[in-house]
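Report on one structure; see the data block that follows.
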Amino acid sequence: MSKKRCFACVAFALTVALAQPAAAQLANRSADEWIATLESPTRIQSLKIYETLAKLAIKPGQMVADIGAGTGIFTIRFSPAVKPGGKVYAVDVDEKLLDHIMEAATEQGIVNVVPVLGEFDDPALPDEIDLAFINDVLHHIEHRDVYLKNLAGYLKPAGRIAVIDFKPDQGGHRNQPELQVSQAQTTAWMAAAGLKPVEEFNDLFTDKWFVIYAKR
Ligand SMILES: C[S@@+](CC[C@H](N)C(=O)[O-])C[C@H]1O[C@@H](n2cnc3c(N)ncnc32)[C@H](O)[C@@H]1O
């Protein structure tokens with residue numbers, strides 16, 4: 001190949017590569033910053049963890065995925081709910097957070113948590129999920145439609161996806177439209193992924209929406 005043609009090929013390949021949308025985490029933080037933020041007592045209280053768990057109605061033996069598990073606040077609490085026989089997949093894109101979760105699990109003698117280093121557009125799970133839980137995460141995902149379609153592919157036929165996120169005019173991102181996901185928009189992405197809303201909880205939070213989706 002002539003030098004001129006070779007240069008043209010390289011330039012073309014570069015143009016194609018740069019034109020691909022590179023997936024990333026929106027509003028990224030270091031693991032240490034996430035740990036300090038996520039574990040603050042005010043936030044923990046605002047999560048209404050046990051009320052949320054009750055709404056999820058997790059059964060023994062189920063396979064639950066905590067998508068964007070962070071420090072494992074929910075992962076650790078899902079663990080006893082799936083016993084005996086079930087597993088909790090803690091999915092995150094930050095390996096240090098997964099290490100943090102597994103250290104806590106080991107300290108507490110928990111053996112049914114499996115860490116999963118997900119990709120930005122794909123949680124990379126086994127095809128056996130009964131419930132995927134996404135709390136305070138969807139707005140950090142850049143290609144939400146792609147992610148939800150991939151996630152839906154890992155559900156069992158009766159599998160569910162539970163989403164909790166901030167109402168666009170509430171929470172810390174109310175002045176950042178790029179970090180907002182509305183219930184209506186999410187329901188449209190879910191519909192494209194073959195899921196419909198089956199339960200909606202309006203009584204738990206004033207600043208967040210909480211919907212469970214399942215296959216049609
Ligand atoms: C605000 S924290 C919420 C953590 C946890 N769900 C909670 O409520 O305590 C957002 C988490 O989502 C993770 N995250 C961001 N983008 C992600 C993606 N594409 N896939 C999986 N996790 C992601 C971040 O690393 C971070 O741990």
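The values are calculated or read from the model by the stated rules, or taken from the named source; none is laboratory data. Given the structure is predicted, the values throughout are model-derived calculations rather than measurements. Neighbour counts are summed over all protein chains in view; Cβ atoms, including those assigned to glycine, are modelled from backbone coordinates with ideal geometry.
Is region 177-185 home to any residue that is on the phi < 0 side of the Ramachandran plot, in contact (Cβ under 8 Å) with a residue 24 or more places away in the chain and buried (at least 20 other Cβ atoms within 10 Å of the Cβ)?
yes
Could you check how many residues of region 108-148 are part of a helix (DSSP H, G or I) and either of a type in the set (D, E, K, R) or near the ligand (Cβ under 8 Å from one of its atoms) (or both)?
Going through region 108-148 one residue at a time, the tally reaches 4.
Could you say which residue among Ala69, Ala105 is outside any strand (DSSP E or B) and under 26 Å from Thr206 (Cβ atoms)?
Result of the check over Ala69, Ala105: Ala69.
Restrict the check to region 193-203 and report whether at least one residue is modelled with pLDDT of 95 or more, within 28 Å of Arg29 (Cα to Cα) and more than 14 Å from the ligand (Cβ to nearest atom).
No.
Out of curiosity, is Ala57 of a type outside the set (Lys, Arg), without any contact (Cβ under 8 Å) to a residue 40 or more places away in the chain and over 18 Å from Val211 (Cβ atoms)?
No; evaluated as a whole, the condition is false for this residue.
Within region 31-66, work out how many residues are assigned to a loop (DSSP other than H, G, I, E, B) and aliphatic (A, V, I, L, M).
Going through region 31-66 one residue at a time, the tally reaches 3.
Among the residues of region 157-176, which ones are surrounded by fewer than 18 Cβ atoms within 10 Å (Cβ to Cβ), basic (Lys, Arg) and in contact (Cβ under 8 Å) with a residue 40 or more places away in the chain?
Of everything in region 157-176, just one residue is surrounded by fewer than 18 Cβ atoms within 10 Å (Cβ to Cβ), basic (Lys, Arg) and in contact (Cβ under 8 Å) with a residue 40 or more places away in the chain, namely Lys167.
Taking region 72-97 as the search range and keeping residues that are in a loop (DSSP other than H, G, I, E, B) and within 11 Å of the ligand (Cβ to nearest atom), which one is nearest to Asp136 (Cα to Cα)?
Only one residue fits best here, namely Gly72.
Kindly indicate which of Val113, Val137, Val82 is closer than 25 Å to Ile58 by Cα, in contact with a helix residue (DSSP H, G or I) (Cβ under 9 Å, 6 or more places away or on another chain) and of a type outside the set (D, E, K, R).
Being closer than 25 Å to Ile58 by Cα, in contact with a helix residue (DSSP H, G or I) (Cβ under 9 Å, 6 or more places away or on another chain) and of a type outside the set (D, E, K, R) holds for just one of Val113, Val137, Val82, which is Val113.
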